[in-house]
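Enquirer: Handing you a structure now.
The values are calculated or read from the model by the stated rules, or taken from the named source; none is laboratory data. Computed from a predicted model, the values in this text were never measured in an experiment. Don't worry about glycine lacking a Cβ; one is built from the backbone with ideal geometry, like all the others, and counts go over all protein chains shown. Surface accessibility is based on the protein's heavy atoms, side chains included, excluding ligands, DNA and RNA. Shrake-Rupley method; radii C 1.70, N 1.55, O 1.52, S 1.80 Å.
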Amino acid sequence: MNPAFKLASPMDVAALYMVAVAKIDGEMSKEQKEKILSLFNSEFHLTMKEATDLLRSSTHLLGHTSDVYDKPHKVIERCIDKVTKEQAASICYIVDEVANVEGEPTAQQRKLVTEIKNVCPQEAAGKW
């Protein structure tokens, strides 16, 4: 099974989604990278080192597959029962933030963000 489909932590799933949105049109820009690190800090309450490590591991995981773009529902499948309502709302917010870093999102970004939002549980229960 693809390692991207084995994530058991909602935070890891959210991080991979953010990186996927940033990289769907090619390489991640400096602005996207800074935004993701900032969101890791503000949303996940990570230190800069933890945020950098999470970005690195998410980028590495995404680098091995394009399946995340084709099947975003498979990424969250293993931990869907652990995702709280607040986390689902946060995932929707942060992927939007990443998509809008450089202005209007591209068509591919919009499509992926919509697919990610559609797989996030609408009813769940807590914070990160």
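Enquirer: Among the residues of segment 24-80, which ones are surrounded by 16 or more Cβ atoms within 10 Å (Cβ to Cβ) and among the polar types (S, T, N, Q)?
Expert: If the condition is that a residue be surrounded by 16 or more Cβ atoms within 10 Å (Cβ to Cβ) and among the polar types (S, T, N, Q), then Gln32, Ser58, Thr59 are the ones that fit.
Enquirer: Given (1) outside any helix (DSSP H, G or I); (2) within 14 Å of the chain's Cα centre (by Cα), identify the lone condition not met by Glu102.
Expert: Here Glu102 meets the rest and fails (2).
Enquirer: Further question on the same structure: Search segment 81-95 for residues being open to solvent by 10 Å² or more (accessible area, probe 1.4 Å) and out of contact with any helix residue (DSSP H, G or I) (no Cβ under 6 Å at 6 or more places or on another chain), and hand back the single one that is modelled with the highest pLDDT.
Expert: Tyr93
Enquirer: If I go through segment 96-128 residue by residue, how many of them are acidic (Asp, Glu), surrounded by fewer than 14 Cβ atoms within 10 Å (Cβ to Cβ) and touching a helix residue (DSSP H, G or I) at 6+ places or on another chain (Cβ under 8 Å)?
Expert: So in segment 96-128, the residues acidic (Asp, Glu) come out as 96-97, 102, 104, 115, 123.
Next, only the ones that are surrounded by fewer than 14 Cβ atoms within 10 Å (Cβ to Cβ) stay: 104, 123.
Now restrict to residues that are touching a helix residue (DSSP H, G or I) at 6+ places or on another chain (Cβ under 8 Å): 123.
Of the residues in segment 96-128, 1 are acidic (Asp, Glu), surrounded by fewer than 14 Cβ atoms within 10 Å (Cβ to Cβ) and touching a helix residue (DSSP H, G or I) at 6+ places or on another chain (Cβ under 8 Å).
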